[in-house]
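Below is one structure, written out as structure tokens, with a few remarks after it.
The values are calculated or read from the model by the stated rules, or taken from the named source; none is laboratory data. It should be emphasised that the depicted structure is a prediction, and the values quoted were computed from it without experimental measurement. Neighbour counts run over all protein chains shown; Cβ positions are idealised from the backbone, glycine included. Only protein heavy atoms, including side chains, enter the accessible area calculation; ligands, DNA and RNA are left aside. Shrake-Rupley method; radii C 1.70, N 1.55, O 1.52, S 1.80 Å.
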Amino acid sequence: MTVQGSMKSVVVESTPKALATRVADRFLTRLKARTRNGRIAHVCLTGGSMGAAVLAATAADERSESIDWSLVHFWWGDERFVERDSADRNSLQSRQALLDHIAVPAENIHETGAPSDGLSLDDAAAAYAAELARYASKDDAWPSFAVCFLGVGPDGHIASLFPDRPEVTVTGAAALPVRNSPKPPPERITLTRPVLNSSKRVWLVLTGADKASALGLALAGASYASVPAAGAKGRRRTVFFVDEAAAAEVSPELIDRDY
């Protein structure tokens, strides 16, 4: 069952581990369907503990060996502007969890710049937008992601789009520099809402009781400026994958038990 009046679905698993396994299963199913006939799949990844857990579960699934990874391109919804070997780097977490364990060509992994590249934060954001434009879809100046993973903070932020900050309302750019982030590290690069929402499928993965309020507000249709997760929507499907703790405020009739 989908949330009434929207294309949003809620999928609940008992624990974070079970949730990661389920999301990995759906991810591999989607990639297999997308690449079966040689089509390219662009995927937008997220950081955080659950983002890494889903990728680790993907790597552990034997079906990952049947995917033609040369057809898959990886991007990130946001990145911390730190060195590539920093533990804060989303792309490093993704590499350790999945990318270093699969046969994906190096040129299919699209990271943002780092301080040691000699780029300013603004230049790194502009360079990422230019890289996105190299793979532009027929409709936009960026690729349309087959799947876009998003984490959700207790404050309702997604990527590095934080509540009541100017970045969340920007529509005229693909990637933005973020300074003085309310969550450290302070300097980041983020994709904008038009890029995230042009994805065919947006999958928001969140666990823990501290996320229950943000989930409830997102499903209730709160202002996306104040609850950015409320404004996340895929063109074909939007799914909130949550554990039981995060689902504490979700009405049972809003839960999709078949997805």
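Residues in the range 28-47 that are open to solvent by 30 Å² or more (accessible area, probe 1.4 Å) and either aromatic (Phe, Trp, Tyr) or within 22 Å of Leu92 (Cβ to Cβ) (or both): 0 in all. Per the conditions (1) aliphatic (A, V, I, L, M); (2) in a helix (DSSP H, G or I); (3) crowded, with 21+ Cβ neighbours inside 10 Å, the sole criterion not satisfied by Ala18 is (3).
Scanning the range 193-225 for residues that are surrounded by 24 or more Cβ atoms within 10 Å (Cβ to Cβ), of a type in the set (S, T, N, Q) and within 18 Å of Asp78 (Cα to Cα) turns up just one, Ser199. Scanning the range 163-178 for residues that are assigned to a loop (DSSP other than H, G, I, E, B) and touching a helix residue (DSSP H, G or I) at 6+ places or on another chain (Cβ under 7 Å), which turns out surrounded by the fewest Cβ atoms within 10 Å (Cβ to Cβ)? Looking at the filtered set, the residue picked out is Thr171. Exactly one residue out of Glu131, Glu187 is over 27 Å from Trp69 (Cα atoms), open to solvent by 30 Å² or more (accessible area, probe 1.4 Å), among the acidic types (Asp, Glu) and in contact (Cβ under 8 Å) with a residue 12 or more places away in the chain: that is Glu187.
Does the range 183-194 contain any residue that is assigned to a helix (DSSP H, G or I) and either under 25 Å from Ala129 (Cβ atoms) or of a type in the set (Phe, Trp, Tyr) (or both)? Yes: one or more hits. Considering the range 226-243, the residues that are touching a helix residue (DSSP H, G or I) at 6+ places or on another chain (Cβ under 9 Å) and open to solvent by 30 Å² or more (accessible area, probe 1.4 Å) include one that is farthest from Val152 (Cα to Cα), namely Arg235.
Every residue, every condition in (1) more than 21 Å from Glu107 (Cβ to Cβ); (2) out of contact with any Lys or Arg (no Cβ under 8 Å at 6 or more places or on another chain), yes or no:
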| position | (1), (2) |
| --- | --- |
| Thr29 | yes, yes |
| Asn37 | yes, yes |
| Leu55 | no, yes |
| Arg63 | yes, no |
| Ile67 | no, no |
| Phe74 | no, yes |
| Asp78 | yes, no |
| Phe81 | yes, no |
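Among residues belonging to the range 112-128 that are part of a helix (DSSP H, G or I) and in contact (Cβ under 8 Å) with a residue 24 or more places away in the chain, point out the one that is farthest from Thr46 (Cα to Cα). So the residue we want is Ser116.
The set of residues in the range 74-91 being open to solvent by 20 Å² or more (accessible area, probe 1.4 Å) and either touching a Gly at 6+ places or on another chain (Cβ under 9 Å) or in contact (Cβ under 8 Å) with a residue 12 or more places away in the chain (or both) consists of Arg80, Phe81, Val82, Glu83, Arg84, Asp88. The set of residues in the range 159-186 being hydroxyl-bearing (Ser, Thr, Tyr) and under 16 Å from the mean Cα position of the chain (by Cα) consists of Ser160 alone.
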